[in-house]
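The values are calculated or read from the model by the stated rules, or taken from the named source; none is laboratory data. The structure presented is a predicted model; accordingly, all values stated were derived computationally and were not measured. Virtual Cβ from ideal backbone geometry, glycine too; neighbours counted across all protein chains shown.
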Amino acid sequence: MKRENETSQAGAPGTSETQRPSATGNKDAGGNHDEPTPEARAPEVTRHVPLKELMLGAAFGLAFGFFLQKGGVAKYHILVGALLLEDFTVLKVMGSAIITGMISVHILRRAGLISLQFKPTWYAANVTGGLIFGLGFGLSGYCPGTASAALGQGNFDALGTMAGLLAGSLFYAEISRPVEGSLRQWGHRGRLTLPELTNIPLWPFIAVFAVVLAALLGVLDMLD
């Protein structure tokens, strides 16, 4: 009996095995792993990006900027008009892109050509980031994508926005660890999608969402 007690107490003085934090995070009732806690995350390791991936990223980035410029959403007065609800060009471009991307991405996924990688949902972090993003957009008149496209078409007033983007990125890199231990713990919902949130199957949800969004774009076109 004494030997069994010594064996059961060996390994973690003052802490039982069930009280030790798991490096893979907690499990829910179904046995699925949740997101690892910040304390349990392994240190980030810099990954060498192959040249092919860099070239693809550059090609898609140039194409994205080209279509932004052709869509007119890199013009300062159009962006400010969207914020003042006087010009709906930005909303129409974004809405049509959402419909096209939503349908095509899931077709490609169903064909096995791509795999989707969802970011976890943190209500506090998402709301805080959205407010900061909106504040910067309102003050500068540009968002990251439109600022890059505007600079590419020769609008040098976008240089201030680009400088702010770099400064903000560096600042967040410095405070990211404390933020992960605070904001990311409030309202953590894991990988959440709208079909899951509304409890509607994927393709019926896509069909209804696309029709409703297309109707709203038609109304915006009449108002514009």
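For (1) under 21 Å from the mean Cα position of the chain (by Cα); (2) assigned to a helix (DSSP H, G or I), each residue gets a yes or a no:
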| site | (1), (2) |
| --- | --- |
| L139 | no, yes |
| D157 | no, yes |
| A173 | yes, yes |
| L192 | yes, no |
| A215 | no, yes |
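When residues in the range 194-213 are screened for being part of a helix (DSSP H, G or I) and closer than 18 Å to I107 by Cβ, 13 of them pass.
Per the listing L83, L62, L54, the residue uniquely at pLDDT 85 or above and surrounded by 13 or more Cβ atoms within 10 Å (Cβ to Cβ) is L83.
Taken over the range 104-125, the residue count meeting the criterion of being surrounded by 12 or more Cβ atoms within 10 Å (Cβ to Cβ) and either in contact (Cβ under 8 Å) with a residue 24 or more places away in the chain or touching a strand residue (DSSP E or B) at 6+ places or on another chain (Cβ under 9 Å) (or both) is 7. A Cβ distance below 7 Å, combined with a sequence gap of six or more or placement on separate chains, defines the contacts here; from the range 174-191, residues that are exposed (fewer than 13 other Cβ atoms within 10 Å of the Cβ) and small (G, A, S) reach residues that are at pLDDT below 80 and in a loop (DSSP other than H, G, I, E, B) in the pairs G181/P38.
Within the option set G134, G101, being part of a helix (DSSP H, G or I), exposed (fewer than 11 other Cβ atoms within 10 Å of the Cβ), under 19 Å from the mean Cα position of the chain (by Cα) and modelled with pLDDT of 90 or more holds for one residue only, G101. Looking at L217, L166, L197, L213 in this structure, which one is without any contact (Cβ under 8 Å) to a residue 12 or more places away in the chain and assigned by TED's automatic domain parsing to the domain that holds H106? Only one candidate qualifies: L197.
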